[in-house]
Amino acid sequence: MAGFARTLVAGAGRPGPGTVQLVTRVLGALVAEHAPPPRDAPIVLAATDHCLSAVAEFVAKCEDTTRRLRPSVSLALEPSLLLGRFTVEQRWAAPCYALVTPGGAGASALGWATAAVGSGSVPAAVVCEVVHGQLAGQATVLAVAALIGPGGVGTSGVHAVTEGLDAGAFDSVLLRAARGEEVGGT
């Protein structure tokens, strides 16, 4: 039976260009917790909230007639770019997938990873979820990463990359699953 590894890593920051750095830090911290890191583990990124935010920003820039629209503006719409820096820095050669689904991709990502590990298709899988929310009245993005492995142990705590993180302020499928709560799609 597949399950969580002992470590679940989370970090929060401002939405926007800094999201790439946040995802890179969170995935890097998760990989650093496991020796040797499971470099053959695919990464499944749940990026619905990120894409919805990127589309809203893109539309606003398109409708702003006082500014010139640069071709690079449309690149923010591509969720796989959130993984680019991490895969280059870590020389990650395993496949990476970005999921964007109505109602959130977290349950789908977790379900896919759990099924792949449980069936023996892969020895382990990394799930990373990017969730937007409000923290202290400010728009904030939360990145959560978990290593799904065979016979993993449920975790009751979260190793936070960012000090003082109130991860309970976000609707994260990974955090709910780590607390033992039911999540759809798993």
Any pair with Cβ under 9 angstrom, 6 or more apart, that starts in the stretch 32-61 at a residue that is within 21 Å of GLY103 (Cα to Cα) and aromatic (Phe, Trp, Tyr) and ends at one that is at pLDDT 80 or above and in a helix (DSSP H, G or I):
none
Name the single residue that is most open to solvent (accessible area, probe 1.4 Å) among those in the stretch 48-80 being assigned to a helix (DSSP H, G or I), farther than 16 Å from GLY104 by Cα and of a type in the set (Asp, Glu).
GLU63
Looking at this structure, is LEU30 open to solvent by 90 Å² or more (accessible area, probe 1.4 Å), touching a Leu at 6+ places or on another chain (Cβ under 8 Å) and at pLDDT below 90?
no
Residue set VAL141, VAL127, VAL122, VAL117; condition touching a Leu at 6+ places or on another chain (Cβ under 6 Å), at pLDDT 80 or above and either farther than 26 Å from GLY13 by Cβ or surrounded by 23 or more Cβ atoms within 10 Å (Cβ to Cβ) (or both); output residue VAL127
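Applying the selection to the stretch 77-107, what residues are of a type in the set (A, V, I, L, M, F, W, C) and without any contact (Cβ under 8 Å) to a residue 24 or more places away in the chain?
First, pick out the residues of the stretch 77-107 that are of a type in the set (A, V, I, L, M, F, W, C): 77, 81-83, 86, 88, 92-94, 96, 98-100, 105, 107.
Within the stretch 77-107, VAL88 is the sole residue that qualifies.
Collect the residues in the stretch 81-101 that are under 20 Å from PRO15 (Cβ atoms) and either open to solvent by 60 Å² or more (accessible area, probe 1.4 Å) or in a loop (DSSP other than H, G, I, E, B) (or both), keeping them in residue-number order. Explain how you work it out, then say what you get.
Of the stretch 81-101, the ones under 20 Å from PRO15 (Cβ atoms) are 81-86, 98-101.
LEU81, ARG85, VAL100, THR101 - these are the residues of the stretch 81-101 that are under 20 Å from PRO15 (Cβ atoms) and either open to solvent by 60 Å² or more (accessible area, probe 1.4 Å) or in a loop (DSSP other than H, G, I, E, B) (or both).
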Is there any pair linking a residue in the stretch 119-134 that is among the charged types (D, E, K, R) to one that is open to solvent by less than 20 Å² (accessible area, probe 1.4 Å), with Cβ under 6 Å and at least six apart or on different chains, and which?
GLU129/ALA46; GLU129/GLY106; GLU129/VAL144; GLU129/SER172; GLU129/LEU174
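Being at negative phi and either assigned to a helix (DSSP H, G or I) or open to solvent by less than 40 Å² (accessible area, probe 1.4 Å) (or both) is the filter here, so list the residues in the stretch 102-114 that pass it.
Kept after step one, since they are at negative phi, are these residues of the stretch 102-114: 102, 105-114.
Within the stretch 102-114, ALA105, GLY106, ALA107, SER108, ALA109, LEU110, GLY111, TRP112, ALA113, THR114 meet the criteria.
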Looking across the stretch 148-186 at residues that are open to solvent by less than 20 Å² (accessible area, probe 1.4 Å), touching a helix residue (DSSP H, G or I) at 6+ places or on another chain (Cβ under 8 Å) and not in a helix (DSSP H, G or I), the single one that is modelled with the lowest pLDDT is THR155
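The values are calculated or read from the model by the stated rules, or taken from the named source; none is laboratory data. What you see is a predicted model, and the numbers here were worked out from it, not measured in a lab. Here the Cβ is made from the backbone with ideal geometry for all residues, glycine too, and neighbour counts use every protein chain on show. Surface accessibility is based on the protein's heavy atoms, side chains included, excluding ligands, DNA and RNA. Shrake-Rupley method; radii C 1.70, N 1.55, O 1.52, S 1.80 Å.
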